[in-house]
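Take a look at the structure below.
The values are calculated or read from the model by the stated rules, or taken from the named source; none is laboratory data. Everything quoted here is computed from the prediction, not taken from an experiment. Glycine also receives a Cβ, built like all others from the backbone with ideal geometry; neighbour counts cover every protein chain displayed.
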Amino acid sequence: MDQELLAQDLRWEAESIIMQGSSVKLAVEVVSTNWQDDYAIKQIAYQALGIQEYWIVDYLGLGGRTFIGHPKQPTISVYYLIDGEYDLHQFRGSELIQSPTFPDLQLSIDLL
């Protein structure tokens with residue numbers, strides 16, 4: 001969370017509700033059997049809210065082939081907001097995740 005922007009969000013302190021998606025630096029979803037929500041519904045909602053970076057951690061390779069390819073394999077999808085739309089980068093195996101929000105991060109799906 002961006003503490004400066006969060007301080008301007010009138011409902012945060014009293015109700016823990018954000019009204020500005022830009023207050024969120026990173027949202028992470030861990031895929032389960034309802035993977036359609038993570039790959040479609042939440043991705044569209046987070047983009048519309050303006051959440052800067054969104055990860056989908058699919059450590060079991062449950063998502064549809066449209067989202068993680070074929071053959072299915074564990075995948076971390078990193079969406080980063082550029083000009084109001086998400087740009088997608090996917091990481092598998094020992095590839096180190098590249099995160100604009102956390103540039104010094106040293107993490108791969110093999111390390112999970």
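Points worth noting:
- Selection status of D38, within 23 Å of G93 (Cα to Cα) and modelled with pLDDT of 90 or more: no
This table checks each residue for (1) touching a helix residue (DSSP H, G or I) at 6+ places or on another chain (Cβ under 6 Å); (2) at pLDDT 95 or above; (3) over 24 Å from L5 (Cβ atoms).
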{"residue": "S32", "(1), (2), (3)": "no, no, yes"}
{"residue": "I44", "(1), (2), (3)": "no, no, no"}
{"residue": "I51", "(1), (2), (3)": "yes, no, no"}
{"residue": "I76", "(1), (2), (3)": "yes, yes, yes"}
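- Selection status of Q106, at pLDDT 90 or above and not in a loop (DSSP other than H, G, I, E, B): no
- When the range 43-81 is filtered for residues that are under 10 Å from the mean Cα position of the chain (by Cα) and of a type in the set (K, R), nothing remains.
- Residue within the range 56-67 that is under 14 Å from L26 (Cα atoms) and out of contact with any His (no Cβ under 8 Å at 6 or more places or on another chain) present: yes
- Of all residues in the range 72-92, those being part of a loop (DSSP other than H, G, I, E, B) and within 17 Å of V31 (Cα to Cα) number 4.
- Residues in the range 93-106 that are in contact with a Ser or Thr (Cβ under 9 Å, 6 or more places away or on another chain) and within 17 Å of K25 (Cα to Cα): I97, L105.
- Subset of the range 47-71 (residues that are crowded, with 17+ Cβ neighbours inside 10 Å and assigned to a loop (DSSP other than H, G, I, E, B)): I51, Q52, L62, G63
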